[in-house]
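Here the structure is laid out as structure tokens; the discussion comes afterwards.
The values are calculated or read from the model by the stated rules, or taken from the named source; none is laboratory data. As the structure is a prediction and not an experimental result, all values here were calculated from the model. FYI the Cβ positions are ideal-geometry reconstructions off the backbone, even for glycines, and counts take in every protein chain you see.
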Amino acid sequence: MKSKYVLAIDQGTTSSVVAVVNEKAELVEIFCHNFEQMINNDAVLQDAKVIYEGVKEILDAAILKYKPENIVSIGITNQRETTVVFDKKGNPITYAIGWQSKHTKEICDTWKALGYEDYAKKITGLPINPYFSASKMAHLLEDENVLSHANDNNALFGTMDTFLLYKLTDGKSYYTDVTNASRTLLFDLRKQKYDSKLLNLFNIPLKMLPEVKPNKTVFGYYKNIPITAMIGDQQSALFGHLAFERGTMKVTYGTGAFILMNTGNKVFPSQMGLISTIAFQIDGKPIYALEGSIFVAGSSVKWLKDQLGIIASSKESEKLALQSHKKIYFVPAFVGLGAPYWDTDVRGAMFGITADVNKCDLVKATLNAIAFQVKDVVDVMIKESKIPLEKVYIDGGVSNNGYLMQFQSDLLRCPLIKPENTEITVLGAAFLAGLGTIFPDLEYIKKHQKVKKQYQPKMSFSEATAEYQGWQKAVKSARTYK
Ligand code: ADP
């Protein structure tokens with residue numbers, strides 16, 4: 001019997017990837033295309049045409065190598081919120097606005113001043129922030145060329161999933177999925193449709209928005225291969241970890257850290273700065289999630305290497321931390337602090353320095369700060385959802401640090417699970433795309449996943465509590481200096 005495969009596209013912030021996954025739910029090969037963003041002060045722009053051409057090139061290469069007749073389906077996961085405006089032929093009208101772009105802040109400030117925030121938050125689960133697509137769309141509509149296309153009924157908005165789908169299907173499919181839609185600031189989380197009042201307030205025409213579908217459906221065809229899944233990247237990682245049960249969580253430890261907790265079939269509105277979002281919808285009702293992020297995770301390790309020069313590689317941080325016996329605290333508030341503090345003016349500070357403190361102690365304090373910040377967010381999630389934490393799945397570059405992951409498990413008092421597969425985000429889209437065909441059901445996929453490492457709390461409860469109390473004191477002190 002010939003092998004069968006699913007392909008998954010992961011369209012990210014600076015690269016696109018196509019993964020080939022076999023019937024055993026194993027990653028067989030990765031094809032990659034890198035591209036540059038254009039950064040101009042607060043504006044972060046991307047060339048959607050270049051991105052599409054790159055995706056097409058690697059997708060075609062994968063299809064050629066693995067043969068179209070052996071490829072059962074295609075899934076798409078993508079950087080969320082990044083917004084493209086394109087004409088009905090699929091040509092981008094301007095550069096796409098990247099998710100990191102902050103240059104639509106003025107629009108957001110106006111909306112807040114007009115008092116839209118409470119309503120928007122209630123409906124969409126999101127604060128008014130340049131990060132989400134609505135202010136990017138409003139900004140694009142201020143462009144004369146976009147406006148003239150819109151007046152001619154020849155301008156469409158889309159996040160990257162929608163744009164790629166439109167292009168790959170030659171304009172036949174103009175859809176998005178619930179997870180991407182839930183990041184637009186226009187989507188009613190509970191009713192799963194665009195909210196007409198928000199469309200009016202923000203002046204975004206409904207006819208310029210794609211129809212919203214569940215994550216698993218036939219979205220269209222590319223070279224006769226069905227595209228059967230679309231899902232935003234963080235949600236795809238949650239799915240890739242197989243975090244299907246309520247109370248399970250995933251933490252992606254990269255430059256920053258992204259934390260998502262599966263809250264089952266209920267939306268938990270957050271009063272403490274977390275985001276309520278859709279985790280996934282396969283069939284029937286959606287599963288929801290609480291989401292939080294920390295701004296500085298791996299970037300602080302990079303800072304030790306590139307700015308202070310006290311480690312030669314990120315990896316070395318583990319060895320040095322294990323040699324430290326001092327208890328000092330570092331609050332790496334390089335760009336302020338997020339949940340639950342939401343203090344943009346606080347800056348980094350160290351506490352407890354004595355003359356015998358050495359670089360090992362500084363490295364340990366830097367790593368510990370990552371774990372403390374994650375605990376800050378996780379505690380809010382537990383408090384707001386009242387859902388006990390079952391287990392945490394981990395991925396991303398920093399999750400390779402055994403010292404830190406053990407300390408994280410000690411602080412969270414729950415198991416941390418690191419899967420054998422590192423490409424969790426793209427696997428999520430592949431699992432979804434192959435579900436019901438080469439992967440008969442979720443149990444089948446679960447059975448085929450291997451755990452690389454599991455961490456259990458080792459430190460005593462009282463010691464872990466004292467460590468965390470020290471951190472809280474350090475944050476409080478850091479916030480007094482402005
Ligand atoms: P991103 O996707 O955000 O670029 P990655 O998941 O590739 O991030 O992780 C890269 C980050 O992880 C870098 O900031 C690096 O400093 C950090 N990192 C990599 N390996 C380790 C390690 N063993 N210990 C601590 N940090 C690490």
message: It is to be established whether one or more residues within the stretch 265-279 are within 16 Å of the ligand (Cβ to nearest atom), outside the structural domain of Gln11 (by TED's automatic domain parsing) and at pLDDT 95 or above.
response: no
field: Residue match in the stretch 80-101 (condition: of a type in the set (Lys, Arg), surrounded by 16 or more Cβ atoms within 10 Å (Cβ to Cβ) and outside any helix (DSSP H, G or I))
entry: yes
- prompt: Applying the selection to the stretch 431-460, what residues are more than 14 Å from Phe407 (Cβ to Cβ) and aromatic (Phe, Trp, Tyr)?
  reply: Phe431, Phe439, Tyr444
field: Long-range neighbours under 6 Å by Cβ, at least six apart or interchain, first residue under 18 Å from Lys450 (Cα atoms) within the stretch 391-411, second assigned to a helix (DSSP H, G or I) and more than 8 Å from the ligand (Cβ to nearest atom)
entry: Asp395/Ile424
message: Any residue at all in the stretch 374-390 that's within 16 Å of the ligand (Cβ to nearest atom), assigned by TED's automatic domain parsing to the domain that holds Leu416 and under 30 Å from Ile417 (Cβ atoms)?
response: yes
- prompt: How do the pairs read when you match residues in the stretch 331-348 that are over 10 Å from Gln373 (Cα atoms) and charged (D, E, K, R) with residues anywhere that are surrounded by fewer than 21 Cβ atoms within 10 Å (Cβ to Cβ) and modelled with pLDDT under 85, using Cβ under 7 Å and keeping only pairs 6 or more apart or on different chains?
  reply: Asp345/Lys482
- line: Selection from the stretch 200-255 of residues in a strand (DSSP E or B), more than 16 Å from the ligand (Cβ to nearest atom) and among the β-branched types (Val, Ile, Thr) yields Val212, Thr217, Val218, Ile225, Ile227, Thr228, Ile231, Thr248
- line: Restricting attention to the stretch 267-298, the residues that are touching a residue at least 24 places away in the same chain (Cβ under 8 Å) and in a loop (DSSP other than H, G, I, E, B) number exactly 15
- request: Select from the stretch 299-330 the residues that are more than 10 Å from the ligand (Cβ to nearest atom), among the hydroxyl-bearing types (Ser, Thr, Tyr) and either in contact (Cβ under 8 Å) with a residue 60 or more places away in the chain or more than 19 Å from Thr354 (Cα to Cα) (or both) and list them in ascending order.
  value: Tyr329
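Can you list the helices (runs of 4 or more DSSP H) found entirely within the stretch 400-454 that contain at least 1 residues being within 16 Å of the ligand (Cβ to nearest atom) and surrounded by fewer than 16 Cβ atoms within 10 Å (Cβ to Cβ)?
On the way: elements: 402-412, 424-434, 442-447.
In the stretch 400-454, 402-412 are the helices (runs of 4 or more DSSP H) which contain 1 or more residues that are within 16 Å of the ligand (Cβ to nearest atom) and surrounded by fewer than 16 Cβ atoms within 10 Å (Cβ to Cβ).
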task: Report the residue count in the stretch 287-311 for those that are under 23 Å from Gln323 (Cβ atoms), of a type in the set (A, V, I, L, M) and in contact with a strand residue (DSSP E or B) (Cβ under 7 Å, 6 or more places away or on another chain).
output: 1
